[in-house]
Amino acid sequence: MRIGVPTEIKTNEYRVGLVPGSVRELTAKGHEVFVQAGAGAGIFADDNAYEYAGAKILPDAAAVFAHSEMIVKVKEPQKVEWERLRPDHILFTYLHLAPDAEQAKGLLASGATAIAYETVTDANGGLPLLAPMSEVAGRLSIEAAAIALRRPTGGCGVLMGGVPGVKPAKVVVLGGGVVGTHAARMAAGLGADVTILDRSLPRLRQLDDLFQGRVRTLASTMSTVESEVLAADVVVGAVLVAGASAPKLVTRDMLKAMKQGAVLVDVSIDQGGCFETSKPTTHADPTFEVDGIIHYCVANMPGAVPNTSAQALNNATLPFVLKLAEKGLAAFDRDPHLAAGLNVKDGRIMHQAVALSLGFDRLGEGKPVALAAE
């Protein structure tokens, strides 16, 4: 198969869809890989490294799309990219379509087959291609919160771990999945007072065993969310419904009763955010303030540490890239977990949660309400 790797063009995105080591695995099996010149610059992998791995370097994204059957990226395609897609293209990347009707409309019009990393599953019911970036984002969320808490950045001026004789920051993590677990691990490691809320009692039991009393766990209800958020210095939004828009757990009214200078870090922003007042931000301008509460809502947090995150992502995605390169769309018949990643095909939405979030009554039927303005 002919596989293309364009340069990521989302703001402050430094990752790359395939690292040189992954390219070498593909070319060793006889596949052709076309890499846009400079695509690896964000991880300090120059064109020579890709050529050594067997790739062909092409001058621009247009040439990469034109030469390739499958496009492997990191972030969702931007308008100029989805306009380059053809019906015979396979796109393999993060999509996060639920809150993004414009992208959905563009992909539907292209006729391409689009597979979303974030909805590929595994035998244990997990999301193996989302997990490595969730691990990175969970850990970064506490680093970001620690900086945002500082008074010069608008925060309340609380040190995450406190000092002898002074209380540490109170950190509340909404969601006990991969993001929440890694956020709690980092916060507890810094000495913060950490509480995780989750709706699953079995998961709370697992977290109790994992943290051995260093982190409190609470069943997530409207009452516990409100009481914990109002007492928090930092709230990390780490909720996920695979493929669907994130539920809004923190309302605008709750902000008015929170501590002034408290920090909200919305790791769920790719799926629309779990705070009512969230809106996507960038690494260049990561925070904004509403009612005295600092919001950090960067939509591509792992892009800030591209050497770590690109390699971690490739460790997870490469087996699926190899399957698609070998079998093409027939890979869906052989691997139901890869098939769960199928979001768009032949101008139709193919994932139930995505379809419902975009306004379809039933999968693949009717006109999506969110797209009806065309």
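Throughout, read-outs are computed from the coordinates displayed, never taken from laboratory work. Owing to the predicted nature of the structure, the values given are computational and were not obtained by experimental measurement. Cβ: placed from backbone, ideal geometry, glycine included. Neighbour counts: every protein chain shown.
Rounded if a/c is under 1.5, else prolate if a/b beats b/c, else oblate: with a ≥ b ≥ c from the C-alpha gyration tensor eigenvalues square-rooted, which is the stretch 131-299? Verdict is rounded for the stretch 131-299. Checked against a 29 Å cut-off, the cross-linked pairs Lys10/Lys248; Lys323/Lys345; Lys73/Lys345; Lys105/Lys256 give Cα-Cα distances beyond that limit for Lys105/Lys256. Here the Gaussian network model covers the chain, with springs between Cα atoms less than 10 Å apart; of Lys73, Lys345, Lys29, Lys29 fluctuates the most. For the stretch 67-111, the Kirkwood hydrodynamic radius comes to 10.6 Å, computed from all pairs of different C-alpha atoms.
With Cβ to Cβ distances under 14 Å as the rule, what net charge do the other residues near Glu25 carry (K, R +1; D, E -1)? Neighbour charge sum, excluding Glu25 itself: +1. Scanning the chain for DSSP H helices at least 24 Å long along the axis (C-alpha atoms) with a Kyte-Doolittle mean no lower than -0.5 picks out 131-148, 306-327.
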